[in-house]
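A quick write-up on the structure given underneath.
The values are calculated or read from the model by the stated rules, or taken from the named source; none is laboratory data. The structure displayed is predicted, hence computed values, not measured ones. Every residue, glycine among them, receives a Cβ derived from its backbone with ideal geometry; neighbour counts consider all protein chains shown.
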Amino acid sequence: MKLPTDPARNLAALIRCPSVTPAEGGALQALEVMLKPLGFSVERPVFAESGTPDIENLYARRSGNGPHLMFAGHTDVVPVGDEAAWTHPPFAADVANGEMYGRGAVDMKGGIACFIAAVARHIDKNGGPKGSVSLLITGDEEGPAINGTTKLLDWAAAKGEKWDASIVGEPTNPDTLGDMIKIGRRGSLSGSVIVNGRQGHAAYPQLADNPVRGLMSLVDALLHPVFDKGTKDFQPTNLEVTSIDVGNPATNVIPAKATATFNIRFNDTWDAETIQAEIHNRLDQAAGRKKYRPGKKTPVDYELVWRDRPSHVFLTRDDKLIGTLSASVAAVVGKTPALSTSGGTSDARFIKDYCPVVEFGLVGKSMHMVDERVALADLETLTQIYERFIEDWFGQDLA
Ligand SMILES: [Zn+2]
């Protein structure tokens, strides 16, 4: 039987499945077809929660005696956008000038295609790793992410699954393959500050309380001073005001309410609780300031509403995992990758509660764009890196 050793062939099969979140689109079925001949047992649990679409996921395991490596990723993709703007159709996997086009080519069907090819080659040459390999693949990473990785991890752990290390195959390289391994992520938190004022005539401000003035003091306090200067492993904490809403159509009316919404990306100086406390404290202090509200006797009347669940900051410290992956990259591409904690959140933030996790995949340049595509040469290189990693990571334990 022909094993799925060719990453381009694996990827073409996946791209041809139109798995825009929440649709399975045939992508998990295609994975099952690739994994079964490699000796994986495959399960495809469907998770549901009211108010969100049901999502099919996949957990595949190839059991052995030794440590357990988990590869994590997603087969769902973002919508294609303006389909007419694509040079090649988004679900055709056309190859032109050495690149394969298609939604998900780099984010992240390509990473999955390479990992499966790497395992297949290892089995072909060496009979497979001595330990266990599993793939934890969700269909809900680009969507609400409610019926995806968190539930899949809980579900697998409840069956007694334990992992020693995990690689998430998201596209981590900014420019060329081998640039960057992600070993952690900043935390993320969003909130809204709502200021209640008193509506009135713009010509008689003494009779009103303009909430925009109060909101300016509060927003000012969110932006200054800086939260920190960054740490050894992380960029500085940063807060962005993402929206200011008053919704007042009249130029001569002082509005009754004004809202500002913000998102903060915080480093390991903080945790979700301490950064929330810091923000509360800044707002409370600013509420009494007179800069924009001269003559007002009472402090700004405001509420702070936290939105969604916070994402926690994390940093992976596992020399075997990071060192082996780093050395595998260096051996194949001839340069040592940067170890970074930059960028947004990813499903690694959930996996870190179960085992050490790093992220390494393709070059991310074209992700989520029209004409998403991947160089065939990169598919081959990433497959070689993953294969080398599998050999060395399992090999170390046998030594
Ligand atoms: Zn992704």
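Summary table below
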| item | result |
| --- | --- |
| Residues of segment 267-320 satisfying the condition of being among the β-branched types (Val, Ile, Thr) and touching a residue at least 40 places away in the same chain (Cβ under 8 Å) | THR269, ILE275, ILE279, VAL300, VAL305, VAL313, THR316 |
| Cβ pairs under 6 Å, 6+ apart, first in segment 32-44 and within 15 Å of ASP124 (Cβ to Cβ), second at pLDDT below 95 | PRO37/MET1 |
| Where HIS68 falls short, out of the listed (1) away from the ligand (no atom under 16 Å from the Cβ); (2) exposed (fewer than 14 other Cβ atoms within 10 Å of the Cβ) | (2) |
| Candidate set: segment 103-148, residues that are away from the ligand (no atom under 14 Å from the Cβ) and in a loop (DSSP other than H, G, I, E, B); chosen: the one surrounded by the most Cβ atoms within 10 Å (Cβ to Cβ) | ASN147 |
| Pairs where the first residue, in segment 124-136, is under 21 Å from LEU31 (Cα atoms) and the second is buried (at least 18 other Cβ atoms within 10 Å of the Cβ) and among the charged types (D, E, K, R), C-beta under 6 Å, 6+ apart | VAL133/ARG62; SER134/ARG61 |
| Strands (runs of 3 or more DSSP E) contained in segment 323-398 and holding at least 2 residues within 16 Å of the ligand (Cβ to nearest atom) and either hydrophobic (A, V, I, L, M, F, W, C) or buried (at least 19 other Cβ atoms within 10 Å of the Cβ) (or both) | 357-359, 373-375 |
| Residue identified as of a type outside the set (A, V, I, L, M, F, W, C) and more than 26 Å from the chain's Cα centre (by Cα) among GLU278, GLU303 | GLU303 |
| Pairs, first in contact (Cβ under 8 Å) with a residue 24 or more places away in the chain and over 16 Å from ALA118 (Cα atoms) in segment 66-81, second more than 14 Å from the ligand (Cβ to nearest atom) and among the basic types (Lys, Arg), C-beta under 6 Å, six or more apart | GLY66/LYS130 |
| Residue ID - surrounded by the fewest Cβ atoms within 10 Å (Cβ to Cβ), chosen from residues in segment 1-31 that are closer than 19 Å to HIS122 by Cβ and hydrophobic (A, V, I, L, M, F, W, C) | MET1 |
| Some residue of segment 302-312 being within 16 Å of the ligand (Cβ to nearest atom) and more than 30 Å from VAL95 (Cα to Cα) | yes |
| Residue match in segment 139-146 (condition: touching a residue at least 60 places away in the same chain (Cβ under 8 Å), within 24 Å of PRO37 (Cα to Cα) and of a type in the set (A, V, I, L, M, F, W, C)) | no |
| Condition met for VAL46 (surrounded by 15 or more Cβ atoms within 10 Å (Cβ to Cβ) and either at pLDDT below 95 or β-branched (Val, Ile, Thr) (or both)) | no |
| Leading residue by the ranking (nearest to ALA287 (Cα to Cα)) among those in segment 198-257 that are surrounded by 13 or more Cβ atoms within 10 Å (Cβ to Cβ) and of a type in the set (Lys, Arg) | ARG213 |
| Qualifying residues in segment 306-322 (those that are part of a strand (DSSP E or B) and under 19 Å from the mean Cα position of the chain (by Cα)) - the one farthest from SER346 (Cα to Cα) | ARG307 |
| Conditions (1) touching a residue at least 60 places away in the same chain (Cβ under 8 Å); (2) of a type in the set (Val, Ile, Thr); (3) more than 16 Å from the ligand (Cβ to nearest atom): number failed by THR172 | (3) |
| Any hit, segment 42-50, residues being more than 19 Å from the chain's Cα centre (by Cα), within 16 Å of the ligand (Cβ to nearest atom) and farther than 21 Å from ILE385 by Cα | no |
| Test: ALA156 is of a type in the set (Gly, Ala, Ser), touching a Ser or Thr at 6+ places or on another chain (Cβ under 7 Å), surrounded by 17 or more Cβ atoms within 10 Å (Cβ to Cβ) and in a helix (DSSP H, G or I) | no |
| Set THR269, THR261: member being in a strand (DSSP E or B) and under 26 Å from the mean Cα position of the chain (by Cα) | THR261 |
| Any hit, segment 162-173, residues being of a type in the set (A, V, I, L, M, F, W, C) and surrounded by fewer than 20 Cβ atoms within 10 Å (Cβ to Cβ) | no |
